[in-house]
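The values are calculated or read from the model by the stated rules, or taken from the named source; none is laboratory data. Values in this document were obtained by computation on a predicted structure and should not be read as measured data. Because the Cβ atoms are built from the backbone with ideal geometry, glycine has one as well, and the counts that use them run over all protein chains shown. Surface accessibility is based on the protein's heavy atoms, side chains included, excluding ligands, DNA and RNA. Shrake-Rupley method; radii C 1.70, N 1.55, O 1.52, S 1.80 Å.
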Amino acid sequence: MSDNSIILNRAKKVAAKEALSFIHSKMIIGLGTGSTAEIFVELLAKKFFSEKLDIQVLSTSSLTEKQAKSLGLPLTKIADVSRIDLVVDGADETDMNLNLIKGGGGALLQEKIVASNSEKMVVIVDSSKVVTRLGKYPLPIEIVKFGSKCTLKQIENTLLELGYSDFSINLRKENDDYFVTDEKHFILDLSLKKITDPYILDKKIKKVVGVVETGLFINMANLVIIGNNDGSFKLIEHRG
């Protein structure tokens, strides 16, 4: 592991460790997907056993479910609970208004379903994920397989209508084949460089037939914990 990777993991662990302060018994907790969320799940399992917590967890992807199960966390499913007290998840980008880009790991649909049904969403990131304006990271869009090329074209037209010009759209691939989500959909990655209005973009793209969900999480996060390379952290709370 390179020195940069070690430093980055330290920042991620700082954020993940601070998120543990929001965990207590009698909670139903949504577990996010991605490298920082993976660290949180490891730390949560240690806390679960050391403090003998009475909790249940549900996952936002098959990968997270597999990890939680291997660590002995008490898994449940979203269909079997009446509430979700808290979801702790990472992000590919966050602005200072707590708007997020998620979906780099391909789990945006399940992540958004869990987040939208949770009482509170805590986002854990390292400082490199904080931006002034969203868009440097490609925006994932989950689409149905049928007519995927037509859906891509319609999204392209939508972007042009919104005034975007310097962009590219690609069907995500994995191992020389198209990437398929847990829900058996494709993902388009939109390289926009900067997003002028996340709310409008999210709204317009969702109107395209064939689009299942976007990786824009608008007004969903309640708190972002930013881990820094020096071991410190910063909290940003939603101002709405």
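Key figures
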| quantity | calculated |
| --- | --- |
| Matching option when the condition is open to solvent by 40 Å² or more (accessible area, probe 1.4 Å), in a strand (DSSP E or B) and either under 27 Å from V130 (Cβ atoms) or not hydrophobic (A, V, I, L, M, F, W, C) (or both), among N157, N170 | N170 |
| Per-region count, the stretch 196-224, residues of a type outside the set (S, T, N, Q) and farther than 26 Å from A15 by Cα | 16 |
| Options E119, E93: the member that is acidic (D, E) and either open to solvent by less than 40 Å² (accessible area, probe 1.4 Å) or without any contact (Cβ under 8 Å) to a residue 12 or more places away in the chain (or both) | E93 |
| Some residue of the stretch 206-215 being closer than 25 Å to V123 by Cα, free of Cβ contacts under 8 Å to residues at least 40 places away in the same chain and not β-branched (V, I, T) | yes |
| Per-region count, the stretch 17-38, residues over 14 Å from the mean Cα position of the chain (by Cα), crowded, with 17+ Cβ neighbours inside 10 Å and within 21 Å of S61 (Cα to Cα) | 5 |
| Matching residues, the stretch 42-90, being open to solvent by 10 Å² or more (accessible area, probe 1.4 Å), out of contact with any helix residue (DSSP H, G or I) (no Cβ under 6 Å at 6 or more places or on another chain) and closer than 21 Å to I226 by Cα | E42 |
| Within the stretch 207-216, considering residues that are more than 18 Å from the chain's Cα centre (by Cα) and not hydrophobic (A, V, I, L, M, F, W, C), the one most open to solvent (accessible area, probe 1.4 Å) | K207 |
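Listed here are the residues, each with its yes/no results for (1) in a loop (DSSP other than H, G, I, E, B); (2) closer than 20 Å to I225 by Cβ.
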site	(1), (2)
M96	yes, yes
L109	no, no
V114	no, yes
I124	no, yes
S128	no, yes
R133	yes, no
K136	yes, no
